[in-house]
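**Q** Have a look at this one before I ask anything.
The values are calculated or read from the model by the stated rules, or taken from the named source; none is laboratory data. It should be emphasised that the depicted structure is a prediction, and the values quoted were computed from it without experimental measurement. Cβ placement follows ideal geometry from the backbone for every residue including glycine, while neighbour counts extend to all protein chains displayed.
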Amino acid sequence: MSGAEGRGGATRIAERLATFLLGLLAGAMLAIAVALVPYWTTLPPAELRAWFRMHAPRIGRLMFPLGGGAALATLVVAALARRAEPKRRGWLWLAGAAVLGVVVVTATVNEPINEALWGPGTLSEAETARLIAAWGPWHLVRVGCGVLGFYAALRALDA
C-alpha cells in the first residue's frame, strides 16, 4: 500500500492535526497582514504604541498557542516521516522547514519588535515608525512560510 492507505491510524490523525493547525496559523497570519498591518501604518506613533499595549497581548494569547501547536505537531510528523515514502517524506520535511521559518522569524524579529512597541520604554516617533516599517515585511515572510507549510502538509496527505 502507498499513500494514506499505508499509514497507521495515529499517524494519519497526527498528519491531519498538523495540517489543520498549519492552515489555521497561515490564515490567522494572513488576516493580520491584510487587516491589521495596513491599519497600523495609518496610526500616529503614539496611538500605535497605545494600540499595541491594549490589543497585542490578546493577539498573542491566540497566536502563541496556535503557532506553538502547529510547529510542534508539524515537526513531530516530519520527524516520524523518516520511514515514509520519499515523496511524502519530502512534503512533510518541507512543511517542517516552513514552520521552523515561522518560528525563527517570530522569535528573532517580530516578537522583539512587539515587545518594544508595547513595552514600558519610551520610543521616539521615528523609532516607532522604523519598527513598524520593519515588522510588516518580516510578517509577510512568516505568512509565506506558513502558506508554504500548509500547502506542503496538504500535498503530504495526498502522497
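**Q** Of Ala129, Ala107, which residue is modelled with pLDDT of 95 or more, out of contact with any Asp or Glu (no Cβ under 8 Å at 6 or more places or on another chain) and aliphatic (A, V, I, L, M)?
**A** Details: Ala129 fails: modelled with pLDDT of 95 or more.
Sole residue among the options that is modelled with pLDDT of 95 or more, out of contact with any Asp or Glu (no Cβ under 8 Å at 6 or more places or on another chain) and aliphatic (A, V, I, L, M): Ala107.
**Q** If you don't mind, another one. Every residue in the range 114-159 that is in contact with a helix residue (DSSP H, G or I) (Cβ under 7 Å, 6 or more places away or on another chain), without any contact (Cβ under 8 Å) to a residue 60 or more places away in the chain and closer than 29 Å to Arg83 by Cα, please.
**A** Cys145, Leu148
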